[in-house]
Structures are given as C-alpha cells and as structure tokens.
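Just so it is clear, none of the values below were taken in a lab; they were calculated from the coordinates. Quick caveat: nothing in here was measured; it's all calculated off a predicted structure. Note that we place each Cβ from the backbone using ideal geometry, even for glycine, and neighbour counts take in every protein chain shown.
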Amino acid sequence: MARIELNNLAHQYAPGGDYALQPMQHVWEDGGAYALLGPSGCGKTTLLNIISGLLQPSEGRVMFGDRDVTTLAPEQRNIGQVFQFPVIYDTMSVFDNLAFPLRNRKLGEDYVARRVTHIATMLGLDGVLKRRANNLTADAKQKISLGRGLVREDVAAVLFDEPLTVIDPHLKWQLRRKLREVHEQLNLTLVYVTHDQTEALTFADKVVVMLAGQVLQVGTPQDLFERPAHTFVGYFIGSPGMNFFDCQVEGSEAIVDGERIPVDPAMAEAARRAGGLLQLGIRPGLIRPAEDGEPGHTIKVDTVEDLGDYELVTGHLGQHKLHVRLEASEKISGDGLRVVFPKENALLYSDDRLVGQGEKNGG
Amino acid sequence: MDKREYQWAWLMVLPVVLVVAFSAIMPLMTVVNYSLQDIFGPDSRFFVGTEWFKEVLRDPALHGALFRQIIFSGAVLLIQIPLGIALALCLPKKGPWVSVSLVLLALPLLVPWNVVGTIWQVFARPDVGLAGVFLNSIGLDYNYTGDAIDAWVTVLIMDVWHWTSLVILLCYAGLQAIPDAFYQAARIDGASRWAVFRYIELPKLKGVLLIAILLRFIFSFRIYAEPFVLTGGGPGNATTFLSQRLTTMAVGQFDLGPAAAFSLIYFLIILLFSYVFYLTILNMDREG
C-alpha cells in the first residue's frame, strides 16, 4: 500500500496535439476512497490508465510511495482495475478467474486456494466458485473483476472505470455498498471514475472534479456542494445546479441587474482585486423566502414543479433565470416571490473561479 | 383478426416457397427419382428400389475417392485453420496497412475457381512454370503430373493459397471485435502472450471459427474445378475426389441411376459431418 503521487503530470496523445490532461499535481492518500467525476471526454479514463500503467504519460512522473513507476508496465505495478463492462475469462471457472493473477505470478497452489477463498468469501462469491464465470449475472461478473484486483496481497490501489454502467439499478446500490465494505476491511486506496454525481458523492471520501483535462476541485462532497471552486463544479454537482448571475461588486454588495445583494465583505474585496468577469453563485436550496418585513429581492416566477418533498421554482431575477428549491409547505401566491440570498451562501466567482481561494482548491 | 393475419402471412411467404421449390426441392426430388429407377429412355424406365444404392456402396472406385476426400478435407482443416488464426494475429490492428493487407488477402478469393487451377497449372509446370522450374533447379525431382505425392502437395498448397484468406479474414474480424479492456485486464493480471491467446482470443474466436471450419469443410469436401484443371484427377486416380468421380459417372458414363444414388449419399455425408462439427463446437461452450 502506498500513497500515489502525480508529479507535474500531463498527457498528449499525439506530440504537439491538444492536452488530454493538463499539467497537474495531485496526491492520492493511502487508503482513501476517491471519486473522479466529470463529463464524458474530460480525461478521467486517461488519468486512470496512466495510474494503472496502461498509458505512459507524455510528461511528469507517477510515484507509488517512494517508487517511481512512470515507466513500469501494468503487471509490474501493484494495481487492480475494474472496467466499464465485466472483463472475465469466459472459459474459466470463477475460482480460476480469481486465481489467474496469482498463477501468472507463479505462486503456490496452496496459497492461491487460500487467497481465492478468502476474497471470494468477502465478495459473496464463495457459493459459485466452481461455476463457469461466463454464466453469471453482470454484477457477479463485476465482482469477479474486482476480486482479481483484490486477490493480490500487494495491491496498492484498485481503480474503477465506471464499473456500474451495465449493472441493473437496484443492484448498483448493493454493489456500491460492497465496495465500501471492501474499502473498510482492506483499507485500500480506491479511485472510482464516474460521470454520475450520486455515485461519486455516495462512494467517495473525496471527490476530484475534472473538466477538459483539468482538475477543477478536490474536496469532500460537502466542500463541492457548499463551496464549489469553479462554476462548472457548481453546475455539475447538485440537482438542479447552482445559479450564477453576472454581477458588479460595489462595497460589500453584488449588483445583479440593479438588485443589490449583500455578500461577505472579505469576498467582495477579493473579487474586486481579482477583476475579470464576476459572477454571483448561489445554490437553489440555499435561497430562502423572505420573512414578513425583511428586505429581500422579488423574483418573477415562471413555473413551480412539485417534486414531492420539495418544490422547484423556476423564475427570473431581472434578466437572469434562476432556480429556487423550497420546502413543500411554502405557499407561493401570484407570480412574484420575495427571497433572501443569505450572505454566507452567496459566493463570488471571477473568470469562473471562486475568489479568495488562492491555490487552496486549485488543481 | 389474428387468424386473418396468419393467412396473410402464408401468402407473403409464398414467393419464397415457390423459388425454393424450383431451385432446391424439385431438383432434389428429381435426383431421388433417378436414384430409384433404371432409365433407358423417356418411355422405358424400371423401378429398381435400393439397387443403385447397394451398387454404389460396393464400388471400390468410390471408396478410394471417399478416402482421398476425407484425407484432403482433414489436411485442409489442419493446415488452414491454425495458419489462418496465426496470420490473423499478425495482421496490423490499425493504420493504413490494414486496408492494404485486407485487399491483398481478398484477392485469391476473387479469382474464379477454374482460373485458380489454371494459374497453378502454369505456375507449377516443371518445364516453364516459375515454381516448377525453381524446385527442379534446386535439385528436387518435382513433377506434379507424374508423381502422386507431388500432385497432392501441389493441390494442397493451391487450396491453402486459395482459401486460407477466408479463415484469416473471419478470424481478423473476430479479433477486432474483442474490446481493448480484455487485453488491458490481462496485462494488469500479468498474463503471458500465450495466456492471452488461450483465455481471451481463442474463446472469443469460437463463433467465427465454427463458421470457418464449417465453410472450409463443406467447400473442400465438394472441391471440383481446381484439381480438375490442375491434375485432371491424376496421376492415375491419385487426386480424384468425390465430385470428380461423380461427374465422370453422371456425365461421362451416363450412369444416371447410380450417380443419383451417389449424389444423395454424398449430400448426406456433408450434412452429417457439418452437423457433427456444429454440435461439437457448440458443446465445447457448455462443458464445466
């Protein structure tokens, strides 16, 4: 087991071409459960394949602990990988599938049998060890893929490339819980690639959000929700995404289409210093209706959707469209709604980046 | 309502039924008809029952042809299937050379079958053919018209040249359909090249190999034009296979009754062999 460090890592598929991965510096702490989240084509799989050694980065180094593994082949690294659809050896039994990585490394049959039984029990595959792997369901096959990674005692990290894509929805949840269990028992580093925010947020201790080959933010699910470091993180996480309005900043107020919205003075100061295109961002669920007599802002309500435990209001603040998430009990009368943008929840962005963060959340 | 639709369905398949009746069933029934009668002319025919079948099954010339046919088809499969797989594995997976290789490989398949025979007849001639002259110049006493072994080797090499491409192309398509993730997983699992072939490529090729084996068996078992043009079945009877023997009987000697009986037996042999191959390969999957 080891921490995995990416030093000035970058990758171009063709020399002189576009960067599939922008230069980055990142550490995967030993034993962490990470999700790598981003839209299709953002470089998640490229990054994963570089860690597992299937791809050699064009720049930078990959370190496992103190060992530089940049040029090592996948079989020389202690890595397991689970792919988007189940990769199993069709003609082998479940036992032989799980034993395959050990037998390839010429380990004794006694040891192989012990390890395979241990891992199969952990994954709940002990009942089907003698069956042919080909005849099992997709989720059992994914467990076999996972088992082939776990069966090696020296494995430092297991990488998952959207492993639940082909799994039935009601089994996804079970399999994800199994992953959490495995993580707790073995204390392995897990890196889980997905474009599904629910998967990422429920699986991971820390989520790495990527866009266009860049790491935008690394943080706990709460960080990503409360303080998105980039407007994209705001859009991408949460349903619906964060509201953003172009604004000017005067004193400790953001001005959106003439509406003066008070913000944190330190943040306003930072935004003025940063300059660039300024935006005010706020989560739909963190906007609240104004109390009687409380100063607030009137939004023009376009539609109200009743989504069971909450109501989703779509409306306009001046020229800007916005979403507000209200408790189901709130009454909306007429087409106007007076709301408050709480100061602590209104964030300012300069050229898409959260102001006043320095390098803290940067990639 | 349902019943009405059913009746329409029968009407819709009627054209196909008619075409199949004219193209397959009627000729087949004619052959069955011939095989049970002795025909002297349009108005003088006698029912002979299984007489022709008995005669044909006792005919030593046919036994010889059948034996040679089985050896030939066996050799064809033993050479062409492994060779086809091996060459398919060597082909480039992407890049400009893919189309170049595929076109080159397809060329022998596009040559008319009797032209294949002619090409090799000239190519292998010991007096003027490139291959024949070369073999003799390096001290081999090669003459496919005089020596039975030389004739066999030439017919086999000609067939390998003609048909291995089919196996290669089928296997290549099968290999291309294997997702990269399988190879990547195998690398992570530390699998050797042989293990990748044995546990990933070969199992995934099973479907196309079934097609390749069936096609190669059926084509080789009824081979006619190429050896007919190349060796004429000689020297002696050394390369006379079933279809050529059949043609001699039916068209040369005009023994329509025995030829018809033999045709039916010939057809059943191919059907039986194909079915056995098919079942064997299908069952390989269910073992374990």
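Scan chain A and hand back the longest stretch that contains none of the GluC sites (Glu not before Pro) lying in DSSP loops with at most 10 other Cβ atoms within 10 Å.
On the way: sites that count: A:E291, A:E359.
Formally, the longest exposed-site-free interval is A:1-290.
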Going by how many other beta carbons lie within 10 Å of each one, how would you line up B:T50, B:T145, B:T231, fewest first? B:T50, B:T145, B:T231
Only helices counted: for chain A, with every DSSP H run of 4 or more residues adding -39500 (n - 2.57) and the sum spread over all residues, [θ] at 222 nm is -8000 deg cm²/dmol
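Do any of A:K172/B:K93; A:K172/A:K206; A:K206/A:K321 go past 24 Å between their Cα atoms, and which? Write out the running numbers ahead of the final one.
Details: A:K172/B:K93 35 Å; A:K172/A:K206 20 Å; A:K206/A:K321 31 Å.
Long pairs (Cα-Cα over 24 Å): A:K172/B:K93; A:K206/A:K321.
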Between A:R272 and A:E59, what is the FRET efficiency for a Förster distance of 51 Å, r being their Cβ-Cβ separation, to the nearest 0.05? 0.90
Cα convex hull of region A:241-354: how many Å³ per residue? 99 Å³
Distant-in-sequence amide H partners of A:S93 (H built 1.01 Å from N, under 5 Å): A:A133
On a C-alpha basis, how far is the centre of region A:150-176 from the centre of region A:208-257 in Å? Whole number, if you could? 29 Å
Over the Cα atoms of region A:84-127, what radius of gyration and what Dmax do you get, in Å? 10.7, 32
Along the charge dipole of chain A, Cβ charges K/R +1 and D/E -1, which of A:A346, A:L146, A:L179 sits furthest on the positive end? A:L146
Report the residue, chosen from B:W194, B:W52, B:W152, that carries the largest GNM mean-square fluctuation when chain B is represented by alpha-carbon nodes joined by springs under 10 Å. B:W194
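Output the antiparallel fraction of DSSP beta bridges having both residues in chain A, as a percent to the nearest 5. All intermediate terms of the calculation are to be shown ahead of the outcome.
Working: 57 of 75 bridges.
The antiparallel fraction comes to roughly 75 percent.
For the protein assembly as shown, take the convex hull of the Cα atoms, compute a quarter of its surface area, and give me that in nm², please.
The orientation-averaged projected area of the Cα hull of the protein assembly as shown comes to 47.3 nm².
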Per DSSP H run of at least 4 residues, take -39500 (n - 2.57); add these up for chain B, divide by its residues and hand me the 222 nm value, nearest 500 deg cm²/dmol. -23500 deg cm²/dmol
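Based on alpha-carbon atoms only, what is the radius of gyration of region A:83-228 relative to the globular estimate 2.2 N^0.38 Å?
Working: Rg = 16.4 Å, N = 146, 2.2 N^0.38 = 14.6 Å.
Ratio of Cα Rg to 2.2 N^0.38 Å: 1.12.
Hey, got a sec? Which trypsin sites (Lys or Arg not before Pro) in region B:1-109 land in a DSSP loop and have at most 16 other Cβ atoms within 10 Å?
Working: sites: B:K3, B:R4, B:R45, B:K54, B:R58, B:R68, B:K93, B:K94; in loops: B:K93, B:K94.
Of the trypsin sites (Lys or Arg not before Pro), the ones in loops of region B:1-109 whose Cβ has at most 16 other Cβ atoms within 10 Å are B:K93, B:K94.
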Work out from phi, with θ = phi - 60° and the Karplus expression 6.51 cos²θ - 1.76 cosθ + 1.60, the ³J(HN,Hα) of each residue of region B:153-169, listed in order in whole Hz, and give x for Gly and Pro. 4, 5, 4, 5, 5, 4, 5, 4, 4, 6, 10, 4, 3, 4, 5, 4, 5
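Normalising by the residue count of region A:241-354, find the relative contact order in percent from Cα pairs under 8 Å and 6+ residues apart. Present the calculation step by step, with values, prior to reporting the outcome.
Values: 234 pairs, mean separation 36.5, N = 114.
Rounded, it is 32 percent for region A:241-354.
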Please give every one of the aspartates and glutamates within straight-line cross-link reach of A:K300, meaning a C-alpha to C-alpha distance under 14 Å, and leave out same-chain neighbours fewer than 8 residues apart. A:D257, A:E259, A:D335
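Give me the dipole magnitude in Debye, nearest 20, for region B:64-286 about the Cα centre, with unit charges on the beta carbon: positive for Lys and Arg, negative for Asp and Glu.
Details: 13 positive and 11 negative charges, 141 e Å.
With only Lys, Arg, Asp and Glu charged at Cβ, the dipole is about 680 debye.
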With the 8 Å Cα cutoff and a minimum separation of six or more residues, chain B has a relative contact order in percent of 27 percent
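So if I place +1 on the C-beta of Lys and Arg and -1 on the C-beta of Asp and Glu, and nothing else carries charge, what would the dipole magnitude of the protein assembly as shown be about its Cα centre? I want it in debye, nearest 20.
Working: 55 positive and 67 negative charges, 379 e Å.
Using Cβ point charges on Lys, Arg, Asp and Glu, the protein assembly as shown gives about 1820 debye.
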Just from the alpha-carbon atoms, what are the Rg and Dmax of chain A in angstroms? 24.3, 79
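Over chain A, calculate the relative contact order: mean separation of alpha carbon pairs under 8 Å at least 6 apart, over the residue count, as a percent. Spell out each step's value before the answer.
Working: 750 pairs, mean separation 60.4, N = 363.
In percent, rounded to a whole number, it is 17.
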Karplus-derived 3J(HN,Hα), 6.51/-1.76/1.60, for each residue of region A:28-33, Hz, glycine and proline x: 9, 5, 4, x, x, 10
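Given the pairs A:K44/B:K206; A:K143/B:K204; A:K130/B:K204; A:K106/B:K94, which span a C-alpha to C-alpha distance of over 23 angstrom in this model? List each step's numbers first, then the result.
Values: A:K44/B:K206 34 Å; A:K143/B:K204 21 Å; A:K130/B:K204 21 Å; A:K106/B:K94 34 Å.
Listed pairs above 23 Å: A:K44/B:K206; A:K106/B:K94.
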Antiparallel bridge percentage (DSSP; both residues within region A:80-218; nearest 5): 40 percent
When you have a sec, figure out the Kirkwood radius of chain B from all distinct Cα pair distances and drop it here in Å to one decimal? 22.5 Å
Eigenvalues of the Cα gyration tensor times 5, then square-rooted: what semi-axes does that give for region B:145-288, in whole angstrom, largest first? 40, 19, 11
Under the 7 Å Cα-to-Cβ spin-label approximation, A:S252 and A:L171 lie apart by a distance in nanometres of 5.6 nm
